[in-house]
Every structure is written in structure tokens, then in C-alpha cells.
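This report concerns only the one structure given below.
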Amino acid sequence: MAQSTSFRISDAAKRRLSSHAALEGISATALLDRLIVEGVDQLEHPGVIFRGPAHDRRAALAAGPDVWEVVSRLQELDGHEEERIAVLSEESELHPRLIRIAVEYAVEHPDEVRKRIDRNRDLAERSRRAAEQRAVLIA
């Protein structure tokens, strides 16, 4: 539940916040809330950034894929954690340190990452079924 909190920010910061919030079509309070949460996450997980529109933000490696993509691929590999990290590092050219950063973020935000993985798998399954139906229709 949201609680009222009072902060003092400079006039310049308030103008920039209001201006950017208007561009995104959200309130300044909603933008400030998102910036605080994402900013703290970035402080706690150096190397993680956030991408996407306001309604669909996702954690990603600054110089790489989304966190959920890293975790999803690790789940597909065999072996213990370090073996999987080594394989993914080799196939993606991501440094193992970056892969571990993604994993640590996912450990602290499991529901967020799981929802992304599930959504992607659902979309892939729908696409596969549609391809099968097209093949039957055209045959």
C-alpha cells in the first residue's frame, strides 16, 4: 500500500520529473516511485539496468540480454551452476561475472523473472501451434 511521504527536491529536478512523466503519460509520483525502486536495484546489482516502456519494464544486463533471458537459458543447460555458467559464457560471449550478476538479481526478484520466462514460453508455444495450424491448413 502506498503511503504519503514528503521529499524536498530542487525546482530543476521537479521540472524534469514532471516533463518526463508527461512524455510517458504517467504521474510524476509514479515516475518517481519507479526511479527510486529501479535506482536502488541498480545500486544493489551493479551492471543491471532497466529497459522498456513504463508499462513493461524489465531488468537487463547493461551490455547484454535481459536477466530473464540469461536465467531461462541457464535453466535449459545441464550440469551444476558453474558448468552452466561456463557453457553460457562460451556460447554468448558474456563474461561469467555478468551471468552471475543476472542470477543474483533473479534470486532477489524470482517472481518478476519467472513471470517473464513463463510469458516467453507461452508466446513460443502459441507461435508453434499457429505454425502447425498453418501447415495443416495449407497442406
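The values are calculated or read from the model by the stated rules, or taken from the named source; none is laboratory data. From a predicted model like this one, the values you see are computed outputs, not experimental measurements. So basically every Cβ, Gly included, is an ideal-geometry build from the backbone, and we count neighbours across all protein chains shown.
What to note about this one:
- In a residue-by-residue description of the stretch 61-79, the property of being within 20 Å of Arg121 (Cβ to Cβ), at pLDDT below 95 and either within 19 Å of the chain's Cα centre (by Cα) or of a type outside the set (A, V, I, L, M) (or both) applies to no position.
- Complete set of residues in the stretch 1-57 that are under 27 Å from Ala102 (Cβ atoms) and either of a type in the set (S, T, N, Q) or in contact with a strand residue (DSSP E or B) (Cβ under 7 Å, 6 or more places away or on another chain) (or both): Glu38, Asp41, Gln42, Gly47, Val48, Ile49, Phe50, Arg51, Gly52, Arg57
- Ala28 being in contact with a helix residue (DSSP H, G or I) (Cβ under 8 Å, 6 or more places away or on another chain) and closer than 25 Å to Asp118 by Cβ: no
- Check on Glu38, touching a residue at least 12 places away in the same chain (Cβ under 8 Å), surrounded by 10 or more Cβ atoms within 10 Å (Cβ to Cβ) and out of contact with any Phe, Trp or Tyr (no Cβ under 8 Å at 6 or more places or on another chain): no
- When Ile49 is tested against (1) surrounded by 13 or more Cβ atoms within 10 Å (Cβ to Cβ); (2) β-branched (Val, Ile, Thr); (3) without any contact (Cβ under 8 Å) to a residue 24 or more places away in the chain; (4) in a helix (DSSP H, G or I), exactly one condition is not met: (4).
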